[in-house]
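A.B. asks: One structure is given below, represented as structure tokens, and several questions about it will come after.
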Amino acid sequence: MTKRHTCLALIAGTLSSSILLTSCMGNPPSKTGTGGASGSSPQTAVNSQAASQLETGTVNLGFVPILEAAPLVVGVEKGFFSKHGLDVKLSKQASWAAARDNVVLGSAGGGIDGGQWQLPMPQMISEGAITNGKKVPMVVLAMLMSQGNGIAAANSVKDGNLSYDLKKTSNGFFKTFSQKEGRKFRAAYTFPKANQDIWIRYWLAAGGVNPNKDVELLTVPAPETLQGMKNGTMEAFSTGDPWPSRIAKDNVGYLAATTAQIWKVHPEEYLAVRSDWVNKHPKAAVALLKGLIEAQMWLDKAENKDEAAKILSSRKWYNVPVSVLQESLKGQYRIGANGTRETNPKLGPLYWNSDRGVISYPYKSLTLWFLIESLRWKFYPGTVDSIQQAEAINNRVVRDDLWLKAAKELGLPAKDIPTSPSRGKEVFFDGTIYDPSNPQAYLSSLKIKS
Ligand code: CA
């Protein structure tokens, strides 16, 4: 058995797999079991006066080294959390499965209190749908980032000319591929039945390709995607930058589509924390949000992108070349099989503001969409079988009151404080409309579903 196979067997065999996982992934094993790299407020001491107002001085959060985690890392490194009295301890998670297992443990059990999540992971952890029935109630507190994700394709499928609009550029390609290769096209995501799986399914189905029948879908953790594509493990994958951009920069493959091309200012990953932690420490939860909001504002400023890239690139955090991070943070892409250079910060990662308003606020209309897509693909039978169930779960798990309190305490201008939990109608590149007040109309309009 190779080391990798041993590791995969261990992952499959244990819920508390994080310690094993971190050593499998080449990171030093951690005594706490929450991951390899970790850190807290190195530049500024915690503001003791602010800390004295809080119920606790610390929170343990997990992160995955993709652009979505940047507000958490910057919040620690630039002292935004410590300014509000909170020592945020971040620990790198080797995979999304490890993050899930660690939040089930909780920090009392050597795990984490919460952190960065693909959706609907916090909702499904709350319902016990992805934790062997163990319900660990969680609260979604804020959106971390919009856009900044992509679908990368291998050089071996350059002839497919894969783009965001497959009907236009690649009609019939997937069927031809199966006939020629004697197997299906393989597309990877980083965790099943959440964001990256949902993006790749939306992209394929909009192009007339049935993700259940015409391709093979598999799971590969984000930091393993580069090597996986080099090895020919898959022809395409969907994940957060800098990984899709790095594929293009290293000439291992090309960026077929950015998620911004599929849906402008789409919801991406979220900050969510265990309910027991939030209920016990409501003031600390607001302090956490205040630090996060300030980190998101800082990250969105053009003049801070180079410094952000330098912080994230370090071995302690992402261990990725600074130039790759500079480009992806600034929305500088090489798009398509011919690598056309495009620079448009509006299509890059957005942390604070956008043409559709504030990113950070957890719009319930947006978090609901992931549950509606879960219905579309029948991801969670027995848990999400109807729109009413999806809405009830969404209302239980997503809380915007703490975000609004944090925004007011920070003195944000009224234009940056949403007055409705709905962002209104959303339009996709293929003309599909998602009206959160009528999810059934959206579901009915989709031709390919489970
Ligand atoms: Ca993502």
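A.B. asks: Just from the alpha-carbon atoms, what are the Rg and Dmax of region 141-224 in angstroms?
C.D. replies: 13.5, 48
A.B. asks: In this model, which of K230/K330; K78/K230; K168/K378 are farther than 30 Å apart at the alpha-carbon?
C.D. replies: Working: K230/K330 26 Å; K78/K230 36 Å; K168/K378 28 Å.
Long pairs (Cα-Cα over 30 Å): K78/K230.
A.B. asks: Where does the chain land at 222 nm, in deg cm²/dmol rounded to the nearest 500, when only DSSP H runs of n ≥ 4 count, each adding -39500 (n - 2.57), divided by all residues? Display every interim value, and only then the final one.
C.D. replies: Numbers: 21 runs with 177 residues, N = 450.
Only helices count here, giving -11000 deg cm²/dmol.
A.B. asks: At a Förster radius of 35 Å, what calculated FRET efficiency corresponds to the Cβ-Cβ distance of K408 and N344, to the nearest 0.05?
C.D. replies: Efficiency, from the Cβ-Cβ distance: 0.60.
A.B. asks: Rounded, prolate or oblate: which fits region 293-450, taking a ≥ b ≥ c as square roots of the Cα gyration tensor eigenvalues, rounded meaning a/c under 1.5, else prolate when a/b beats b/c? Intermediate values should be presented prior to the final figure.
C.D. replies: Working: a/c = 2.00, a/b = 1.37, b/c = 1.46.
Here region 293-450 falls in the oblate category.
A.B. asks: How big is the shadow of the Cα convex hull of the chain, averaged over all directions, in nm²? Could you put the intermediate results ahead of the total?
C.D. replies: Details: hull surface 79.0 nm².
Averaged projected area of the chain's Cα convex hull equals 19.8 nm².
A.B. asks: If I stretch the segment between R315 and K167 completely, what's the gain in nm (0.36 nm per residue apart, minus their alpha carbon distance), one decimal? It would help to have the intermediate numbers written out before the result.
C.D. replies: Numbers: separation 148, 0.36 × 148 = 53.28 nm, distance 4.12 nm.
Length gained between R315 and K167: 49.2 nm.
A.B. asks: With each label point set 7 Å from Cα along the Cα-Cβ vector, what nm distance links S444 and R396?
C.D. replies: With each label placed 7 Å out from Cα toward Cβ, I get 2.8 nm.
A.B. asks: Per 0.36 nm of contour for each residue apart, how much would the distance between Q388 and Q332 grow if the chain were fully extended, relative to their Cα-Cα spacing?
C.D. replies: Working: separation 56, 0.36 × 56 = 20.16 nm, distance 4.11 nm.
Length difference between fully extended and current span is 16.1 nm.
A.B. asks: Quick check: residue separation of T432 and N155 times 0.36 nm, minus the Cα distance between them. What number comes out in nm? Can you show the working numbers first?
C.D. replies: On the way: separation 277, 0.36 × 277 = 99.72 nm, distance 3.03 nm.
Going from the current span to full extension adds 96.7 nm.
A.B. asks: Right, another one. Note the per residue figure in Å³ for the convex hull of the C-alpha positions in region 81-131. Display every interim value, and only then the final one.
C.D. replies: Details: hull volume 4.8 nm³, N = 51.
Measuring per residue, one finds 93 Å³ for the Cα hull of region 81-131.
A.B. asks: Hey, for a label at K175 modelled as a point 7 Å past Cα toward Cβ, could you say which residues of region 207-222 have their backbone N under 17 Å away?
C.D. replies: 207-216
A.B. asks: Another question, if that's okay. Specify the angular offset, from 0 to 90 degrees and rounded to the nearest 10, of the alpha carbon long axis of helix 387-397 from the longest principal axis of the alpha carbons in the chain.
C.D. replies: 30
A.B. asks: For the chain, give me the percentage of DSSP beta bridges that are antiparallel, rounded to the nearest 5 percent.
C.D. replies: Expressed as a percentage, antiparallel bridges in the chain total about 65.
A.B. asks: How big is the C-alpha Rg of region 258-371 next to the rule-of-thumb value 2.2 N^0.38 Å, as a ratio? Show your work: numbers first, answer last.
C.D. replies: Numbers: Rg = 16.3 Å, N = 114, 2.2 N^0.38 = 13.3 Å.
Ratio of Cα Rg to 2.2 N^0.38 Å: 1.22.
A.B. asks: Right, something else. So what's the projected area for region 52-163, the Cα convex hull averaged over all directions, in nm²?
C.D. replies: Details: hull surface 37.9 nm².
With every direction weighted equally, the projected area is 9.5 nm².
Bear in mind that the values in this text are calculations on the coordinates, not laboratory data. All values derive from a computational prediction rather than experimental measurement. Heads up, the Cβs are rebuilt from the backbone with ideal geometry, glycines too, and the neighbour counts pull from every protein chain shown.
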